[in-house]
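As C-alpha cells, the structure follows; a few thoughts come after it.
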Amino acid sequence: MADKDNTQEAADYGIGIPVKRHPFFLKGLDHVDWGMKDRLSRIFNPKSGNTVMLAFDHGYIMGPTSGLERMDMTITPLIEYADCIMCTRGALRSIVPPTSNKPVSLRYSAGTTVLTDLNDECILDIEDAIRVNASALAVMVAVGSKYEAKTIENLVVTADLGFKYGIPSLGVTAVGKELTRDARYLSLACRVCAENGATFVKTYFCETGFEKVTASCPVPIVIAGGKKLPEDKALEFAYLAIQQGASGVDMGRNVFQAEHPVAMIQAIRAVVHERCKPKEAFDLYRQLSSTKTS
Ligand code: 5RP
C-alpha cells in the first residue's frame, strides 16, 4: 500500500560505505549483461566456477546413437546429476520433464548428417529458443572446413541475438573427418569462436598443449568427451582438462555409454567440482556402481 502519512523516515543511507560490488566469476565475462550472467550462473556453479553439462544432442547428426535409442529410459535418470543439459529442441520437448528445472544449452544449429557432409548448417528461430527458456544457444563452428564462413556467420548471428536477449552463445568447435584435434588447431578454432562473440566455447581435450588452448581463449572452455573410453581413462582426461584450465565438461558418450551411467556422472562431478583425483573418482565410480540405481 502506498502511504504518504505516518511512514518511518528513511535514515540508513550508509553514508561513507562504498556500494558492494560483485565481480563476475567467469573469465572474460565481466561486461556482459545481467540476464546473461544470471543464465551463466545457472550453467556454471558459482562456488567451483565449473560445470558438468550432459550432452545428448548426437541424434541430430548421427540418428539413434548407442545409448540414445530410448532417451526417456537412459537420459532422464541422469538429468538430476547434470548442471546443464545440452540437447535438441526435439529431445527437449519429447523426453525432458520441464519439472527437472535444469538450464538448457539448446542445440541451435542444424544441418547435414553423417550420411553426407557434416557442418553445412543453419540456425533455428530465436523465438523458439526463448519459448523453451534456453540458457545457452549452441552453434557448430567448422573452422578450416569448406563450411567455415557459413558456420561462423551462424555464430555471429546467434551471438547478436544472444546479446539482444541475454542468452549466452556456445561456440562448438566442429567435428569432421578433415578436422585435426591438436593444440594448434583447437587454439585457433576456440579463439575464432570467442572473438566472434561466443560467450563460452566447447572443444576437445588434446594431450599436448591443452593449457595453451585454454590460456589463449578469453572466455571459458568446456570439453566434449568424444568417443567412449574405459571409465578410468575418461575420468583421467576430465581431470587433466580441469587442471589445465577447462571450466567444465559437456560430455555425452562417456557418460551415457558407461556401464553405470548414474555412477559415472557422479564421479565426473567429483572431478569437476571437487577436483577429485582420477583414482579417487574411479573408486567412487566403483562404489556407486554397486548400488541399485547406478
Ligand atoms: C557434437 C557435440 C556433442 O554434444 C558432443 O560431441 C558431446 O558428446 P560426446 O561427449 O559424446 O563427444 O557437440 O558437436
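Quick note: the coordinates plus some simple rules give every number you see, no bench work behind them. All values derive from a computational prediction rather than experimental measurement. Every residue, glycine as well, gets a Cβ built from its backbone with ideal geometry; the counts of neighbours run over all protein chains shown.
Exposure proxy shown here: for R89, R21, R107, R184, the number of other Cβ atoms within 10 Å sets the order, fewest to most, as R21, R184, R89, R107. Comparing A281, A149, A263 in a Gaussian network model of the chain where C-alpha atoms under 10 Å apart are linked, the largest mean-square fluctuation is found at A149.
Averaging Cα coordinates gives a centre for region 207-267 and one for region 110-156; these two points are 23 Å apart.
Under 17 Å of direct C-alpha separation, and excluding same-chain neighbours fewer than eight residues apart, K47 reaches these lysines: K27, K37. If you take all other residues with their beta carbon under 13 Å from the beta carbon of P23, and give Lys and Arg +1 and Asp and Glu -1, the sum is +3.
Expressed to the nearest 5 percent, the antiparallel share of DSSP beta bridges inside region 1-130 is 35 percent. Legend: ranking of residues F200, F24, F56, F205 from fewest to most surrounding C-beta atoms inside 10 Å; resulting order F24, F205, F56, F200. Applying a 4.7 Å Cβ-Cβ cutoff to the chain leaves C84, C87, C122, C193, C206, C276 as cysteine residues with no disulfide-compatible partner.
As a rough footprinting exposure proxy, the listed residues Y147, Y185 were ranked by other beta carbons within 10 Å of their own, and the order from fewest upward is Y185, Y147.
Estimated purely from DSSP H runs of n ≥ 4, each contributing -39500 (n - 2.57), the mean residue ellipticity at 222 nm for the chain is -11000 deg cm²/dmol once divided by its residues. Under the convention that each Lys and Arg Cβ holds +1 and each Asp and Glu Cβ holds -1, the size of the dipole of the chain around its Cα centre is about 560 debye.
Among residues other than V271 with Cβ under 13 Å from its Cβ, the summed charge is -1 (Lys and Arg +1, Asp and Glu -1). What separates the Cα centres of region 23-37 and region 41-105 is a distance of 24 Å. Which of the lysines could a cross-linker bridge to K279, judged by Cα under 17 Å and excluding same-chain residues fewer than eight apart? Within the straight-line limit of under 17 Å, K279 reaches these lysines: K233. For the chain, give the share of DSSP beta bridges that are antiparallel, in percent and rounded to the nearest 5; count only bridges with both residues there. Around 10 percent antiparallel, to the nearest 5.
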